[in-house]
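Visitor: Sharing a structure, written as structure tokens. Questions coming.
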Amino acid sequence: MENSFVAVEQFDRVRRISLDRPQARNAQSQALLDQLDAALEDARSDEQTRVVVLAARGDHFSAGHDLKEAQASRGNFTVEERWAYESLRYFDYCMRIWDFPKPTIAQVQGACVAGGFMLANMCDLVVASEEAYFSDPVTATMGAASLEVLIHPWVMGLRQAKEMLFTGERLGARRAQELGMVNRVVPRADLEAQTLALAGRIAQAPPFAMRLLKRSLNRSVDVQGMRQALSAHFDLHQLSHVSQEYGATVRAGLSSAIAKGAAHGASS
Ligand code: ZN
């Protein structure tokens, strides 16, 4: 039997789907991502479920993609193999969350880094605990052009996204709220209850109207070109994976990038 890296709970009309690999700071392995996508598919078709909370067990939301697994199983990927892997598991899986037909809320504590940042920001709302922090040190530590989905400028504004990406520095939960990236910041002890309360309130609304509303709200950024910009960045991100700079990172071992990024809290 396959290990389970995702936990699913139902609270009336709210489904909570939690990353459940706390001993690895919820590093996103292939199995975890496949299970998360399957759990979301199930929530999509479940008639009782009106709102999905995307949470994580343990002290951290997610340290990002599983770089140890990446080094072991994908270190020698061809362009074609990497494209296939990343376009499905990183880009398409993420955009399915963005396009999910029901409201979604990311519940974030601790580190929300790189692939974790990308995942949380696919949700409609973000509730963070006071000590939570967000970062994307991929360019600074690994020589790849950020992440596969460059959602950053769309959720915090262009200038702030540039600063965060150019420096690789952490963004604390309060600052993220000031920038409009995080909806609510709550004490760690209240995180689960307050997120569920918010989800429960949203779940009271008529679900079809909510579905149409979300569609229109997302289209308000689609008409500004968000989807085209994300798609174009994915292509350039793939180019950066075959650069000499990224190649040097792979030859040195992605784990050294993990060590370098530990100061920031890294991973891609
Ligand atoms: Zn990549």
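The values are calculated or read from the model by the stated rules, or taken from the named source; none is laboratory data. On a predicted model such as this, the values are computed, not experimentally measured, just so you know. Cβ: placed from backbone, ideal geometry, glycine included. Neighbour counts: every protein chain shown. Surface accessibility is based on the protein's heavy atoms, side chains included, excluding ligands, DNA and RNA. Shrake-Rupley method; radii C 1.70, N 1.55, O 1.52, S 1.80 Å.
Visitor: Kindly indicate whether SER231 is within 16 Å of the ligand (Cβ to nearest atom) and part of a helix (DSSP H, G or I).
Guide: Answer is yes for this residue.
Visitor: Scan the range 152-169 and tell me whether some residue there is touching a Ser or Thr at 6+ places or on another chain (Cβ under 9 Å), open to solvent by 10 Å² or more (accessible area, probe 1.4 Å) and closer than 22 Å to LEU33 by Cα.
Guide: No: the range 152-169 contains no residue that is touching a Ser or Thr at 6+ places or on another chain (Cβ under 9 Å), open to solvent by 10 Å² or more (accessible area, probe 1.4 Å) and closer than 22 Å to LEU33 by Cα.
Visitor: Between a first residue in the range 48-76 that is within 18 Å of GLN35 (Cβ to Cβ) and a second residue that is among the hydroxyl-bearing types (Ser, Thr, Tyr) and modelled with pLDDT under 95, which pairs have beta carbons less than 6 Å apart while being 6 or more apart in sequence or on different chains?
Guide: Filtered contacts from the range 48-76: ALA63/SER267; GLY64/SER267; HIS65/SER267; HIS65/SER268.
Visitor: Return the pairs, sorted by first residue and then second, in which the second residue is of a type in the set (Asp, Glu), the first residue lies in the range 196-210 and is modelled with pLDDT of 95 or more, the beta carbons are less than 8 Å apart, and the residues are 6+ apart or on different chains.
Guide: Cβ pairs passing all conditions: GLY200/ASP12; ALA203/ASP12.
Visitor: Something else now. For the range 156-199, enumerate the residues that are over 22 Å from ALA56 (Cα atoms), touching a strand residue (DSSP E or B) at 6+ places or on another chain (Cβ under 9 Å) and of a type in the set (Gly, Ala, Ser).
Guide: Scanning the range 156-199 gives a single hit, GLY168.
Visitor: If you check ARG174, ARG188, ARG184, which single one turns out to be in contact (Cβ under 8 Å) with a residue 12 or more places away in the chain, under 18 Å from the mean Cα position of the chain (by Cα) and away from the ligand (no atom under 16 Å from the Cβ)?
Guide: Only one candidate passes the filter, namely ARG184.
Visitor: Going through the range 72-81 one residue at a time, which ones are charged (D, E, K, R) and either open to solvent by 20 Å² or more (accessible area, probe 1.4 Å) or out of contact with any helix residue (DSSP H, G or I) (no Cβ under 8 Å at 6 or more places or on another chain) (or both)?
Guide: GLU80, GLU81
Visitor: Do you know which residues across the range 98-122 are within 15 Å of HIS152 (Cβ to Cβ) and open to solvent by 10 Å² or more (accessible area, probe 1.4 Å)?
Guide: If the condition is that a residue be within 15 Å of HIS152 (Cβ to Cβ) and open to solvent by 10 Å² or more (accessible area, probe 1.4 Å), then TRP98 is the only one that fits.
Visitor: Restricting to the range 34-70, name every residue that is part of a helix (DSSP H, G or I) and within 13 Å of the ligand (Cβ to nearest atom).
Guide: LEU67, ALA70
Visitor: State the number of residues belonging to the range 125-140 that are open to solvent by less than 10 Å² (accessible area, probe 1.4 Å) and within 30 Å of GLY247 (Cβ to Cβ).
Guide: Number satisfying all stated conditions: 5.
Visitor: List pairs: first residue in the range 146-164 and on the phi > 0 side of the Ramachandran plot and within 16 Å of the ligand (Cβ to nearest atom), second residue open to solvent by less than 40 Å² (accessible area, probe 1.4 Å) and in a helix (DSSP H, G or I) anywhere in the structure, Cβ distance under 7 angstrom, at least six positions apart or on different chains.
Guide: Correct list of pairs: SER146/VAL138; SER146/LEU165; SER146/HIS237.
Matching residues to (1) among the hydrophobic types (A, V, I, L, M, F, W, C); (2) buried (at least 16 other Cβ atoms within 10 Å of the Cβ); (3) modelled with pLDDT of 95 or more:
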position	(1), (2), (3)
GLU2	no, no, no
PHE11	yes, no, yes
ASP20	no, yes, yes
SER29	no, yes, yes
ALA55	yes, yes, yes
ALA70	yes, yes, no
ARG96	no, no, yes
